[in-house]
1. Rg and Dmax of region 189-240 over Cα atoms: what are they, in angstrom?
2. Rounded to the nearest Å, what's the spacing between the alpha carbon centres of region 13-87 and region 244-270? Just the number, please.
3. Most mobile of 176, 125, 267 per a Gaussian network model of the chain (Cα springs, under 10 Å)?
4. Relative contact order, percent, of the chain when contacts are C-alpha pairs under 8 Å separated by at least 6 residues?
5. Could you give the size of the charge dipole of the chain about its Cα centre, using +1 on the Cβ of each K and R and -1 on the Cβ of each D and E, expressed in debye and rounded to the nearest 20?
6. For region 119-167, taking Cα atoms only, what is the radius of gyration to one decimal and the Dmax to the nearest whole Å?
7. Taking every pair of Cα atoms in region 153-291, average 1/r, invert it to obtain the Kirkwood radius, and report Rg/Rh to two decimals.
8. Quickly work out the residue 101-to-residue 170 label distance, labels modelled 7 Å from Cα along the C-beta direction, and quote it in nm with one decimal.
Amino acid sequence: MIKKITDIFKEKNKTFSFEFFPPKTPVGLENLYKTIKELSGLNPNFVSVTYGAGGSTRGATLDICREIQKRFGLTAMHHFTCVGHSQSELKVILALMRQNNIRNILALRGDPPKGVEKWEPAGDGFEYCYQLIDLIKNNHKDYFSIGVAGFPEGHINCPDKETDTKYLKIKMDHGGEFIVSQLFFDNAMYSEYLERLKKKNINARILPGILPITSYEGLIKFCNTCGATITQEVHDIFKPIQNDEEAVKKAGIEFAVKQCRDLLERGAPGLHFFTLNKVEPVKEIWKRLGL
């Protein structure tokens, strides 16, 4: 039986999980299932599947979550955004999730479709994540376990960290049950984030998001998009070797292992790995950590 992640938390003081994204081609999808099959042997506590900007991968996300649970017996968390959907569409998707035994949702406002500079919700659509959480709760009570995204540095569109914390508090008060963080490379940010949330009486489990570095150029582009800070330490390690793929991969594993060990020593309640749909380097990091 597929478990709710909140029930897994009751059984596990620490959880370890993987995140995947829906590929754009049939070949990519076939390779994804091969990746999941291999990583499933590591016995993660759950996995998650992302949702494209503007809901662009909504059908694929649901299909992949269903197949992960059916083929591999893993608990899958369906990323779910309100951008690009009417309320009636959101209700249909939720009903389909329930029909397919998907019991876990990462509720997000979501990113506008690519090329849209100024986004506004259409018709009866929602503008904020808490409204999506309300819809889930009002229509399905406690059937779903609901996680939300957290941003140790503050969301890229927030003017400051206090405003970001205020919005997170609203999401939690409306039914968010746990938090998966944006990637970061300075663990002090995570510790500071915990203290900041504690002051606002946000006491839910906060899972740190870990991105193993496999490309220096790709990292810069991604962090420019999401607003995560690349520390000077990361620049110093990876810039000199950026054209040596094997050296970058090795250094990325070393950095991630060091970061993960420190987070666990700081009391992190687990680790959530952004796999980029690759077996390596996550498998090697997992092995080195003794998980």
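1. 14.2, 43
2. Cα centroid of region 13-87 versus Cα centroid of region 244-270: 23 Å apart.
3. 267
4. Values: 470 pairs, mean separation 55.7, N = 291.
With pairs under 8 Å counted, the relative contact order is 19 percent.
5. Numbers: 40 positive and 35 negative charges, 206 e Å.
I would put it at about 980 debye.
6. 13.3, 35
7. With Rh from the inverse mean 1/r over Cα pairs, Rg/Rh is 0.98.
8. Output for this residue pair reads 3.8 nm.
Bear in mind that the values in this text are calculations on the coordinates, not laboratory data. Note that the structure is a prediction, hence the values are computed from the model and not measured. Every residue, glycine among them, receives a Cβ derived from its backbone with ideal geometry; neighbour counts consider all protein chains shown.
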